[in-house]
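**Student:** Would you mind keeping the following structure in view while I ask a few things?
What follows is calculated from the coordinates using simple rules that are stated; it is not laboratory data. As the structure is a prediction and not an experimental result, all values here were calculated from the model. Here the Cβ is made from the backbone with ideal geometry for all residues, glycine too, and neighbour counts use every protein chain on show.
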Amino acid sequence: GQQVMQIPQYQHVQEGEDFTTYCNSSTTLSNIQWYKQRPGGHPVFLIQLVKSGEVKKQKRLTFQFGEAKKNSSLHITATQTTDVGTYFCVNSGGSNYKLTFGKGTLLTVNP
Amino acid sequence: GAGVSQTPSNKVTEKGKYVELRCDPISGHTALYWYRQSLGQGPEFLIYFQGTGAADDSGLPNDRFFAVRPEGSVSTLKIQRTERGDSAVYLCASSRGLAGTTGELFFGEGSRLTVL
């Protein structure tokens, strides 16, 4: 798939603080997906973004897809210890089946 | 079944041995994927099946790795002459259609392979 960079690689926050992770691509993305992997667990699908400028919310999580479809972000408001895990932005590049994962952002939350 | 099932959950083997890892996808999911995940890394694509055929095996690291899905459901990942570098968690995932468009991979819990 296309090369998508995700930052930061690690983030440690105090419980109640906000958290944001960003994905950037040098090329236009057809869509982007977000997955969460708890420590010792497997990746779990969170959401897919397809449209330019799209914003989707899931409770305290807000997902955005940039106007140029080259970047995306995941913002968590008022983190909780249950938010701990690695968040991956995933793209299919030019493929309609092959999803390429990066290293993700590891979020730790201090209670 | 309710989710993607993988067996064994843990496998410890000696260098040079042969191993098989099994994946039972969600019923009705035609697409099946194998990924490999090393510590601190994201899942790395290995192979994709659509039905019985391996539509894309470009991620298999070398010819010691092989996967089959003879009846379009259960898949087996086979690793010959295992090496220590093969140690990782092997994740299987399935999707209703094409994950790049429909947007959701369902992952199993993974098989943790340790090669001594």
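**Student:** Springs between alpha-carbon pairs under 10 angstrom, Gaussian network model over chain A: which of A:PHE63, A:PHE88, A:PHE45 fluctuates most?
**Tutor:** Residue with maximal mean-square fluctuation among A:PHE63, A:PHE88, A:PHE45: A:PHE45.
**Student:** For B:35-42, what's the mean count of beta carbons from other chains sitting within 10 Å of each residue's beta carbon?
**Tutor:** The mean count of partner-chain Cβ atoms within 10 Å per residue comes to 4.
**Student:** Would you mind giving the mean number of other chain beta-carbons within 10 Å of the Cβ of each residue in A:8-16, as a whole number?
**Tutor:** Rounded to a whole number, the mean comes out at 0.
**Student:** Between B:THR13 and B:GLU44, how high is the FRET efficiency from 1/(1 + (r/R0)^6) when r is the Cβ-Cβ distance and R₀ = 30 Å? Nearest 0.05.
**Tutor:** Once the sixth-power term is evaluated, E becomes 0.90.
**Student:** A follow-up question, please. Below 8 Å, C-alpha to C-alpha, sequence gap of six or more: please give me the relative contact order for chain B in percent.
**Tutor:** Once divided by the residue count of chain B, the mean separation gives 36 percent.
**Student:** Which one of B:GLN50, B:LEU98, B:SER75 has its Cα pushed farthest toward the positive end of the charge dipole of chain B, where Lys and Arg give +1 and Asp and Glu give -1 at the Cβ?
**Tutor:** The residue sitting most towards the positive pole is B:SER75.
**Student:** Can I ask one more? In percent, how large is the relative contact order of the stretch A:4-92, given Cα pairs closer than 8 Å and 6 or more residues apart?
**Tutor:** Relative contact order comes out at 37 percent.
**Student:** In the stretch A:28-60, which trypsin sites (Lys or Arg not before Pro) fall in coil by DSSP and have 15 or fewer other Cβ atoms within 10 Å?
**Tutor:** For trypsin sites (Lys or Arg not before Pro) across the stretch A:28-60 that sit outside H, G, I, E and B with at most 15 neighbouring Cβ atoms in 10 Å, the list reads A:LYS51, A:LYS59, A:ARG60.
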